[in-house]
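To keep things clear, I will list the structure first and then write my remarks on it.
The values are calculated or read from the model by the stated rules, or taken from the named source; none is laboratory data. As the structure is a prediction and not an experimental result, all values here were calculated from the model. Positions of Cβ are generated from backbone atoms using ideal geometry, with glycine treated the same way; all protein chains shown enter the neighbour counts.
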């Protein structure tokens, strides 16, 4: 399987410059390139000498999760901007579920709270359809700490490459505000609804 970097239909974003997006997309394309490269290397090493290259191929396989998760998390990230900013629907299943989970604080405020955690990484909102809830988690490294088996419904990249063209580290909060202001909540809501349906099937 060869992966191709996706193209995203992104509008002009408020508070996130076109230059920042271009730099960030370049990083995403690097992940795609290295997913394919790792698969090619493992195949070539096995064909050349499977036993003799076993140690090398095992290390490349360990690296695969870093490249693959980096690719996929960035696809979640950029897809959330397609179609332009769309407000959360007050009657959506996601809104009702988040009200049960986060009460008066609300999902957006909780995302901001989690995003305020010290360090770099991701804020990831997952659908836990089996329990009928959702979870908002700070993930340091995208290949580690993901919640097993739970679909990603929102991905907020907090590595410096996502905002350092426009904001210094002390202004991370401003970047988070810009991310949320540009978010197409209908994409997030659809992901949540699909996760619920898949669990019920």
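A few comments on the model shown:
- Checking each residue of region 157-165 against the condition of being surrounded by fewer than 20 Cβ atoms within 10 Å (Cβ to Cβ), part of a helix (DSSP H, G or I) and either in contact with a strand residue (DSSP E or B) (Cβ under 7 Å, 6 or more places away or on another chain) or not assigned by TED's automatic domain parsing to the domain that holds residue 70 (or both) gives at least one match.
- Test: residue in region 33-48 that is outside any helix (DSSP H, G or I) and at pLDDT below 95: no
- For residue 133: the one exception among (1) surrounded by fewer than 17 Cβ atoms within 10 Å (Cβ to Cβ); (2) at pLDDT 95 or above; (3) in contact with a strand residue (DSSP E or B) (Cβ under 9 Å, 6 or more places away or on another chain); (4) closer than 22 Å to residue 195 by Cβ: (2)
- Matching residues in region 66-85 - criterion: being outside any helix (DSSP H, G or I) and buried (at least 18 other Cβ atoms within 10 Å of the Cβ): 80, 81
- Boolean, residue 57 is surrounded by 14 or more Cβ atoms within 10 Å (Cβ to Cβ) and either over 19 Å from the mean Cα position of the chain (by Cα) or more than 26 Å from residue 197 (Cα to Cα) (or both): yes
- Output for region 19-33, where each listed residue is touching a helix residue (DSSP H, G or I) at 6+ places or on another chain (Cβ under 7 Å) and either free of Cβ contacts under 8 Å to residues at least 12 places away in the same chain or surrounded by 18 or more Cβ atoms within 10 Å (Cβ to Cβ) (or both): 24, 28, 31, 32
- Failed condition for residue 108, given (1) more than 26 Å from residue 137 (Cβ to Cβ); (2) assigned to a helix (DSSP H, G or I): (1)
- Matching entry among 142, 110, 89, 161 (being touching a helix residue (DSSP H, G or I) at 6+ places or on another chain (Cβ under 8 Å), over 25 Å from residue 19 (Cα atoms) and in contact (Cβ under 8 Å) with a residue 60 or more places away in the chain): 89
- Scanning region 106-121 for residues that are exposed (fewer than 14 other Cβ atoms within 10 Å of the Cβ) and under 15 Å from residue 163 (Cβ atoms) yields 116, 119.
- Residue match in region 174-185 (condition: loosely packed, with under 15 Cβ neighbours inside 10 Å and within 24 Å of residue 18 (Cα to Cα)): yes
- Checking region 55-65 against the condition returns no match, with no residue being within 20 Å of residue 120 (Cβ to Cβ), touching a strand residue (DSSP E or B) at 6+ places or on another chain (Cβ under 7 Å) and part of a helix (DSSP H, G or I).
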